[in-house]
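The values are calculated or read from the model by the stated rules, or taken from the named source; none is laboratory data. What you are looking at is a predicted structure, and each value in this text was computed from that prediction instead of being measured. Heads up, the Cβs are rebuilt from the backbone with ideal geometry, glycines too, and the neighbour counts pull from every protein chain shown. SASA here: full protein model, heavy atoms, side chains in, ligands and nucleic acids out. Shrake-Rupley method; radii C 1.70, N 1.55, O 1.52, S 1.80 Å.
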Amino acid sequence: MEIAVVGTGEFILGFRLAGVRKTYAAETDERLVEHINQVLDDKDVGILVLKGSDMERIPLRLRTSLENSVKPTVIAIGGDEGGLSMRERIKRSVGVDLWK
Amino acid sequence: MALRDIKPTRSELINIKRRIKLSERGYNILKMKRDGLILEFFKVLQQAKDSRGALLERYERAMEMIALAETVEGAIGVKAAAFSTADAPAISLKSKNIMGVVVPEIDASSVRKGVLDRGYGMLGTSAVIDETAEAFEDLLEAIIEAAEIETTMKRLLDEIESTKRRVNALEFKVIPELSEARDFIKMRLDEMEREELFRLKKIKARST
């Protein structure tokens, strides 16, 4: 299985340098959603890497399905994760702020 | 369930008693599941904190390196090197089950490559490109590790929350309501029995 990266041109460039082949440049919101859906349908993708700020740009419904997806596993890096942060999740579920 | 909707009959009483037993058993099992999930969560918590920290650190370094590479080599130079890389890092994704929660298990191979295996020419590029590629390979490694741990954590947290809701609903809503209904039927049945006894005594007193 492979890793896929969706994001702006400069975000994906470095990943190409590390050998990731499935990189998709998306400058507009529509292209971003389109590429994410394309990656979700791709059976050969194991991990989908997104930029944290892009995660906030995608519709809530898609974001929720990304957060719950196991195949592919989705990870947002850099800045905020988008949606509920890990700290808030822990606070809500366990009742104590353990993310310190 | 409102009390006025309950039929005060013996069969209803048996039904309600059966439901209370079932709810209590479910409540105990769910409580154990919640505690087990929290234990699993604590096992992952420290790993998740460490991996998030490493990921951020490596991301910042990678971004710095690519900016530097673009300054030294120019955007076209970096792009040319990027598009000529050969091997894609391969990962294997399996799923495992922690108390009914499906979480990913990721194994990675060949993320790190030697200078000669990267695909772009050695002579046409400078050392900055190599360092940038290395920084991104480091980042990929961190991503692969964090992806597994963070997804596990998110799914565990969601499951803990829904189990907690179920436990609370059973403890504070379902079981008390059923117990109330049971007490009501018992009270009504006793009352009816007393009425019957009183009636019989009255009839007996009249007949003698």
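Of all residues in segment B:45-102, how many are more than 39 Å from the chain's Cα centre (by Cα) and on the phi > 0 side of the Ramachandran plot? Walk me through how you get there before you give the answer.
First, the residues of segment B:45-102 that are more than 39 Å from the chain's Cα centre (by Cα): B:68-81, B:84.
Imposing the further condition that a residue be on the phi > 0 side of the Ramachandran plot reduces the set to B:74.
Adding up the residues that qualify gives 1.
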Can you tell me how many residues in segment B:157-203 are closer than 16 Å to B:S23 by Cβ and either open to solvent by less than 90 Å² (accessible area, probe 1.4 Å) or touching a residue at least 60 places away in the same chain (Cβ under 8 Å) (or both)? 17
Quick one: A:E27 ticks every box in (1) open to solvent by 40 Å² or more (accessible area, probe 1.4 Å); (2) part of a helix (DSSP H, G or I); (3) more than 9 Å from chain B (Cβ to nearest Cβ) except a single one, so which number is it? (2)
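Looking at A:S53, A:S85 in this structure, which one is open to solvent by 20 Å² or more (accessible area, probe 1.4 Å), under 15 Å from the mean Cα position of the chain (by Cα) and closer than 23 Å to B:E137 by Cα?
Values: A:S85 fails: closer than 23 Å to B:E137 by Cα.
So the residue among A:S53, A:S85 that is open to solvent by 20 Å² or more (accessible area, probe 1.4 Å), under 15 Å from the mean Cα position of the chain (by Cα) and closer than 23 Å to B:E137 by Cα is A:S53.
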If I filter segment B:88-106 for residues that are facing chain A (nearest Cβ under 9 Å), surrounded by 18 or more Cβ atoms within 10 Å (Cβ to Cβ) and modelled with pLDDT under 75, do I get at least one hit? no
Unique match (being part of a strand (DSSP E or B), under 17 Å from A:T8 (Cα atoms) and among the β-branched types (V, I, T)) among A:I36, A:I75: A:I75
Checklist (1) away from every other protein chain (no Cβ under 12 Å); (2) under 17 Å from B:Y59 (Cβ atoms) applied to A:L60, failing item: (2)
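Confirm whether B:R52 is in a helix (DSSP H, G or I) and open to solvent by 60 Å² or more (accessible area, probe 1.4 Å). Break it down stepwise before answering.
On the way: in a helix (DSSP H, G or I): yes; open to solvent by 60 Å² or more (accessible area, probe 1.4 Å): no.
No: the conditions fail for B:R52.
From the list A:L66, A:L98, A:L50, pick out the single residue that is more than 7 Å from chain B (Cβ to nearest Cβ) and either more than 21 Å from B:A135 (Cα to Cα) or in contact with a Phe, Trp or Tyr (Cβ under 7 Å, 6 or more places away or on another chain) (or both). Steps first, please.
Details: A:L98 fails: more than 7 Å from chain B (Cβ to nearest Cβ); A:L50 fails: either more than 21 Å from B:A135 (Cα to Cα) or in contact with a Phe, Trp or Tyr (Cβ under 7 Å, 6 or more places away or on another chain) (or both).
Unique residue meeting the criteria: A:L66.
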